[in-house]
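The values are calculated or read from the model by the stated rules, or taken from the named source; none is laboratory data. Everything numeric in this text was worked out from a predicted model, so none of it was measured. All Cβ positions, even for glycine, are placed from backbone atoms using ideal geometry, and neighbour counts span all protein chains on display.
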Amino acid sequence: MAINHPSFGKLDQNRIIMFDTTLRDGEQSPGFSMNLAEKIRMAEALTELGVDVIEAGFAIASQGDFESVKTISETVGQRADSPVLASLCRAGAADILRSAEALKPAKRKRIHIVIATSDLHMKHKLRMSADDVVQASIDSVLLARQHAEDVEWSAEDATRSDPDFLCRVVEAAINAGATTINLPDTVGYALPEDIAAMFHNIRNRVPNIDKAVLSTHNHNDLGMAVANAISAIRSGAQQIECTINGIGERAGNASLEEVVMAIRTRHDAIPFNNGITTTNILRTSKLLSTITGFDVQPNKAIVGRNAFAHESGIHQDGVLKMASTYEIMTPESIGWAKNSLVLGKHSGRAAFRDRLETLGYKIGQNQLNDAFRRFKDLADRKKVVFDEDIVALVDDEVMRDHERVKFISLDLHAGSKAPPRAELELEVDGVVKTASAGGDGPVDATFKAIQAIFPHTANLVLFSVGAVTEGTDAQAKTTVRLEENGKMVDGQGADTDTIVSAARAYVHALNKLIVKRERTEPAPMNA
């Protein structure tokens, strides 16, 4: 039966709403904090990807979260093609009013209320009775409906909730005006058959279920988030909550790219449709990796660099004769581009701009000039500049232009005859500062110079170096992990000079730590 939804009108029963929570649940992953400019850039990319709903944040969590939801509402939310913008809140008046205020500028908005429904959560976290939870759900939905026609209500830990109570509270939420009912597998506990049974139970026993869209939100603690999402839509759910690259709390959420391509590739068994532009998947994935500093693993389904690689001779022979022998989807269908231009020191601005556009970068003239300058510097040091090199340098130079601390230059004196010494220049809040420091080695000296320019108490807990491409002239890609007061961030940097790449990575991590300091968790509340 088709549902008439306030944000989407009359929904075809085979139409799946793609709800992306990268900016909210995804950003809660350790080390994944984003600044405001990065969140806007990500929201714009998600819009171009074609998601139906963007959960822009948790407005009451901090002033920074409120400002990000509000600014996304004022920018992306004003676009003609804007998705519905959602803000998460708990079932309390202060949370709901804060979300409503942040979403006010958006043309299409949703208030998303969450309250726990399992006996375990109600007793030990909320310390509320079942009756209290039902009443809190009713009161919160009624209040939210005064500020938005589109209200989502989520039963936290739904998969471990009593089936009878779950039906009762869902019916109450819909009667109060909830237009979407979300049943999350909050801790990634369920199996696909558990998900199917839960949705069949709700559909068959809740009398007013035809008044709301059913939604699924799955975590990957047992590695079944995508399988559970597919099971849910085959059992009546019409909305999937997911994230780019599957990021999220603990082991992450259902991966948007995996869900979308499973539906597209196995349409014979999963006969549903959605509005995702699949050729934008790869660029969106790479943008998120750039912003967070976390690359996907090489064997990651759909977007990992080995997803379409073939080393076995038998596989290579089959692919050369007919690609479909070993490829169930084409690389081009998700945005992998065939490299027809080899770039080097003689390449011009037009070829460089074309390659940037092919790789999914949309940058202004000033940013293009900066990127082209660094490309030329790199090309003088490398025989051939690969796509991976371009991605690394643009990410490192251009995509972080809103950071408070910026790398300027580094001069090193190192070797076996004298103690290492680093002469460093950084720009801090627009002011160029210099420092000189010694250390046990060139990396230690460099990091101590950074500490001298920008004092902080963070501890270095990870230092890792890899190569962007092959060869002795390859760029080094360095990852630095910093920890401060239980908050952990990762930063990345790239350069043909390993120590310079290390300095860039440390500065990137430091900027993310600054953002992390501004975030505070909301105080616990009983709905």
Residue hits (the stretch 129-158; free of Cβ contacts under 8 Å to residues at least 40 places away in the same chain and among the hydroxyl-bearing types (Ser, Thr, Tyr)) are 129
Just wondering, is there one or more residues in the stretch 186-208 that are hydrophobic (A, V, I, L, M, F, W, C) and under 16 Å from residue 150 (Cα atoms)? no
Looking at residue 426 and the list (1) touching a residue at least 60 places away in the same chain (Cβ under 8 Å); (2) surrounded by fewer than 19 Cβ atoms within 10 Å (Cβ to Cβ), which single condition is not satisfied? (2)
Taking the stretch 127-169 and keeping residues within 32 Å of the chain's Cα centre (by Cα) and polar (S, T, N, Q) leaves 137, 140, 146, 154, 159, 161
Of the numbered conditions (1) polar (S, T, N, Q); (2) loosely packed, with under 14 Cβ neighbours inside 10 Å; (3) under 27 Å from residue 375 (Cβ atoms), residue 501 fails exactly one; give the number of that condition. (2)
Could you say whether any residue in the stretch 433-455 is touching an Asp or Glu at 6+ places or on another chain (Cβ under 9 Å) and in a helix (DSSP H, G or I)? yes
Select from the stretch 108-134 the residues that are surrounded by fewer than 16 Cβ atoms within 10 Å (Cβ to Cβ) and not small (Gly, Ala, Ser) and list them in ascending order. 119, 120, 123, 124, 125, 127, 131, 132
Kindly evaluate residue 266 against the criterion of being over 11 Å from the mean Cα position of the chain (by Cα), modelled with pLDDT under 95 and not aliphatic (A, V, I, L, M). no
Would you call residue 458 touching a residue at least 40 places away in the same chain (Cβ under 8 Å), outside the structural domain of residue 36 (by TED's automatic domain parsing) and either within 25 Å of residue 288 (Cβ to Cβ) or buried (at least 17 other Cβ atoms within 10 Å of the Cβ) (or both)? yes
Is it true that some residue in the stretch 484-491 is in contact with a helix residue (DSSP H, G or I) (Cβ under 7 Å, 6 or more places away or on another chain), part of a strand (DSSP E or B) and aliphatic (A, V, I, L, M)? yes
Go through the residues of the stretch 460-469 one by one and say whether even a single one is in contact with a Phe, Trp or Tyr (Cβ under 7 Å, 6 or more places away or on another chain), closer than 23 Å to residue 389 by Cα and assigned to a loop (DSSP other than H, G, I, E, B). yes
If residue 59 passes every condition in (1) surrounded by fewer than 24 Cβ atoms within 10 Å (Cβ to Cβ); (2) part of a loop (DSSP other than H, G, I, E, B); (3) among the small types (Gly, Ala, Ser) but one, which one does it miss? (1)
Please work out which one of (1) at pLDDT 95 or above; (2) surrounded by 22 or more Cβ atoms within 10 Å (Cβ to Cβ) is the condition residue 78 fails and give its number. (2)
Quick one: residue 93 ticks every box in (1) crowded, with 20+ Cβ neighbours inside 10 Å; (2) in contact with a helix residue (DSSP H, G or I) (Cβ under 7 Å, 6 or more places away or on another chain) except a single one, so which number is it? (1)
Screening 289, 255 for residues that are at pLDDT 95 or above, over 21 Å from residue 81 (Cβ atoms) and not aliphatic (A, V, I, L, M) leaves only 255
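Yes/no per residue for (1) surrounded by 23 or more Cβ atoms within 10 Å (Cβ to Cβ); (2) farther than 19 Å from residue 116 by Cα; (3) of a type in the set (Ser, Thr, Tyr); (4) not assigned by TED's automatic domain parsing to the domain that holds residue 135:
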residue: 177; (1), (2), (3), (4): no, no, no, no
residue: 187; (1), (2), (3), (4): no, no, no, no
residue: 191; (1), (2), (3), (4): no, yes, no, no
residue: 228; (1), (2), (3), (4): yes, yes, no, no
residue: 248; (1), (2), (3), (4): yes, no, no, no
residue: 275; (1), (2), (3), (4): no, yes, no, no
Tell me, please, whether a residue that is within 23 Å of residue 469 (Cα to Cα), within 33 Å of the chain's Cα centre (by Cα) and aliphatic (A, V, I, L, M) can be found in the stretch 440-450. yes
